[in-house]
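To keep things clear, I will list the structure first and then write my remarks on it.
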Amino acid sequence: MNTRALVLIAILPMAARGQLVLTASDGGSTSILPANSVYQLSQMEVGEARTLTIRVTNSGTSNITVTQFSADGAGFVMQAPNVPFILAPNRFVEGSLRFSANAAASYSANLQVNQISVLLLASVAAGAVLGVSPNCGGSSSPTLNFGTVTRGEPRTCNVTLQNPSSQALNISTLTVTGPGFSLSGSPAVPFTLGPSQVASFSISLNARAPGTITGTLRVQSRDYSLAATAINGPLPQPILEFESSAPASGQQRRITMRLPAAAPYSATGFLNLAFQSAVASVTDDPAVMFLPSGSRQIPFTVEAGQTAVALSGQAFTTFQTGATAGQLRFTLTGIPAGFTSDPTVTMTIAPTPIAIDAVSVTRVTDHMTVVVAGFDNTFSAGAMTFSFFDGAGKLYGAAIPADFTAAFQTFFTSSGASVFRTVITFPASGDLSAITGFEAELRNSAGTVRTQRVSF
């Protein structure tokens, strides 16, 4: 019975060791590390770093106390949980083992987890030293930062490879990957760099889309990150075109939009219309608007490689000039990068004499009623002269002057509109059948207008 107990005691430590399983992962592959095994890191160059994830798993059925989780050796640095700790069955913990070296040589370390010992080996060869132009980092940093680049405008980084050692270096791998990145001016691989020899080449970036762009420069087994932030550049200054006739109040006019050169990318934005009144008492004219939307903003779109710009999906759009003297202002918004220069266009609506839309005369037994409809974009109507004519076309009596300035100002102030319809009654007696024609003169601050003769 005692002998049997001694045998059990002798085998227990071996069973405990068998319950811990070590693995190493380099990000691409995972290897099991048995006790007393050897793990060889892949070939490295001076200044290059390599990180392994060391996982310790309890594959047994009882708790295990981990009392040692470390690695010692020049160039090796282990970050692992503090010991001791308990590892439950089917549980694992991980540590990070980083290796780097500043000199070409062979290196080794002992990875120890409880009674499991693994020999780690690393071979570091002399490597070419990367030099980068100031606009892309200006050092041998693992990242070549192109900074902020404009889409469609190439950016170039000048790069050098120098052999700092006294031995020739054979360069068999020199590649660039990543969207928009390209390599130019480099020697064809494989090539040899003699002692202190330098090879120069360039890395160019032509961003194809806005956003963060990443890539990789690989020299032998060493990778350098390429990074940039791409933005859309400004669009060419758009050309806004109008009908050739002179602008005036009371019009519906067409506007088209195009680019002087092909758009470097597809874009959408807004064409905006604003109005600044030239009349001191008037702040706005609601009739100034784009007709398709009934507002002062419509969308525009332009496709990459095109010069034509669609306004609300059409080749042109129509706007109203309103009925107030002032200035229409067309602006473009919604393009983050803007335009190469300010595309703002203004259109002046000049003060004009009263615009007469309709005149009618009604003859009744004891009076004549005249109705005049129109608009005054100066808001200054008032003085008028009325003339009646007989069948022979001669003036019937004398022209009748009148001043309705006060009445018009009250109307303009209360309505805020320049469009009016005024009714004037002329008392009369006798036989009015001799009166067969009528004309009127209407005056405002911009001048005088005479109606066409109305026959009745």
- Show the residue pairs that are 6+ apart or on different chains and have beta-carbon atoms under 6 Å apart, the first residue being within region 87-101 and acidic (D, E), the second being part of a strand (DSSP E or B). E94/T53; E94/R55
- Going through region 392-410 one residue at a time, which ones are within 20 Å of P427 (Cα to Cα), part of a loop (DSSP other than H, G, I, E, B) and touching a residue at least 24 places away in the same chain (Cβ under 8 Å)? Y396
- Being out of contact with any Pro (no Cβ under 7 Å at 6 or more places or on another chain) and of a type in the set (A, V, I, L, M, F, W, C) is the filter here, so list the residues in region 181-204 that pass it. F181, L183, A188, V189, F191, L193, V198, F201, I203
- Residue selected from region 165-178 under the condition over 30 Å from the mean Cα position of the chain (by Cα) and either surrounded by 14 or more Cβ atoms within 10 Å (Cβ to Cβ) or among the hydroxyl-bearing types (S, T, Y) (or both), by the criterion farthest from A24 (Cα to Cα): S166
- T268 meets each of (1) modelled with pLDDT of 95 or more; (2) part of a strand (DSSP E or B); (3) open to solvent by less than 30 Å² (accessible area, probe 1.4 Å) with one exception, condition (3)
- Query: Which one of these does T148 not meet: (1) closer than 30 Å to G194 by Cβ; (2) open to solvent by 70 Å² or more (accessible area, probe 1.4 Å)?
  - Reply: (1)
- Task: Scan region 304-342 for residues that are under 30 Å from T148 (Cα atoms), in a loop (DSSP other than H, G, I, E, B) and either of a type outside the set (V, I, T) or at pLDDT 95 or above (or both) and report the count.
- Result: 10
- Here the residues within region 150-205 that are in a loop (DSSP other than H, G, I, E, B), under 30 Å from P234 (Cα atoms) and either charged (D, E, K, R) or touching a Ser or Thr at 6+ places or on another chain (Cβ under 9 Å) (or both) are R151, E153, P154, G178, P179, G180
- Message: Within region 233-243, take every residue that is under 17 Å from T346 (Cβ atoms) and either part of a loop (DSSP other than H, G, I, E, B) or out of contact with any strand residue (DSSP E or B) (no Cβ under 7 Å at 6 or more places or on another chain) (or both) and give me the one that is least open to solvent (accessible area, probe 1.4 Å).
- Response: P238
- Return yes when S293 is open to solvent by less than 60 Å² (accessible area, probe 1.4 Å) and either of a type in the set (A, V, I, L, M) or outside any strand (DSSP E or B) (or both) and no when it is not. yes
- Task: Of the numbered conditions (1) open to solvent by 40 Å² or more (accessible area, probe 1.4 Å); (2) more than 12 Å from A24 (Cβ to Cβ); (3) at pLDDT 95 or above; (4) of a type in the set (V, I, T), T61 fails exactly one; give the number of that condition.
- Result: (3)
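The values are calculated or read from the model by the stated rules, or taken from the named source; none is laboratory data. Note that this is a predicted model, so its numbers are computed, not measured. So basically every Cβ, Gly included, is an ideal-geometry build from the backbone, and we count neighbours across all protein chains shown. Each accessible area value is taken on the protein alone, full model and side chains, heavy atoms only, with ligands, DNA and RNA left out. Shrake-Rupley method; radii C 1.70, N 1.55, O 1.52, S 1.80 Å.
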